[in-house]
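Written out below as structure tokens is the structure these notes cover.
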Amino acid sequence: MNIMRLLIVDDAPYVLKALSDSLSAHGHEVSQAVNGEDALEKYTRVNPDIVLMDVLMPKLDGVSATRSLIERDPKAKIIVVTAVGKHGLEKECIQAGASGFIMKPFKTKDLLNIIDSLGVNERN
């Protein structure tokens, strides 16, 4: 397993805490953003290997934030992490530029497998 810099984007404090605690316990360096707008502001400063992006958030939703991040950095790796089971959402997220998609609730092992599968390719 590669140690990675992760930016977790979710408006639910308990989700941020649970994901942060779990991923930190697996050795990853974790930063947090509370919505898509916050994620855009923190992305350049944090320079994450992977962004974990919720979909339904105030100010800027996850699909729009994904599009904006990809416009800024076409090599950005974004995993959408959502409880929204809307038909066609996964396809919409992938078309926006997401590299992966996982539905809540999920097993930590499954999320770690997706993170590992994206690896750390040179972005710079």
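The values are calculated or read from the model by the stated rules, or taken from the named source; none is laboratory data. Worth saying up front: this structure is predicted, and the values here are computed from it rather than measured. Here the Cβ positions follow ideal geometry from the backbone for every residue, glycine too, while neighbour counts run over all protein chains shown.
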Quick check on my filter: what residues within segment 1-20 are within 18 Å of T82 (Cα to Cα) and in a strand (DSSP E or B)? L6, L7, I8, V9
State whether one or more residues within segment 73-82 are polar (S, T, N, Q), part of a strand (DSSP E or B) and in contact with an Asp or Glu (Cβ under 8 Å, 6 or more places away or on another chain). yes
Can you work out which of the residues in segment 24-50 that are without any contact (Cβ under 8 Å) to a residue 24 or more places away in the chain and under 22 Å from S117 (Cα atoms) is nearest to the chain's Cα centre (by Cα)? S24
Scan segment 93-103 and tell me whether some residue there is aliphatic (A, V, I, L, M), touching a Cys at 6+ places or on another chain (Cβ under 9 Å), over 17 Å from G119 (Cβ atoms) and buried (at least 16 other Cβ atoms within 10 Å of the Cβ). no
Tell me which residues, restricted to segment 21-36, are part of a helix (DSSP H, G or I) and crowded, with 18+ Cβ neighbours inside 10 Å. L23, G36
Please indicate, with yes or no, whether at least one residue in segment 46-66 is assigned to a helix (DSSP H, G or I), surrounded by fewer than 18 Cβ atoms within 10 Å (Cβ to Cβ), at pLDDT 95 or above and not small (G, A, S). no
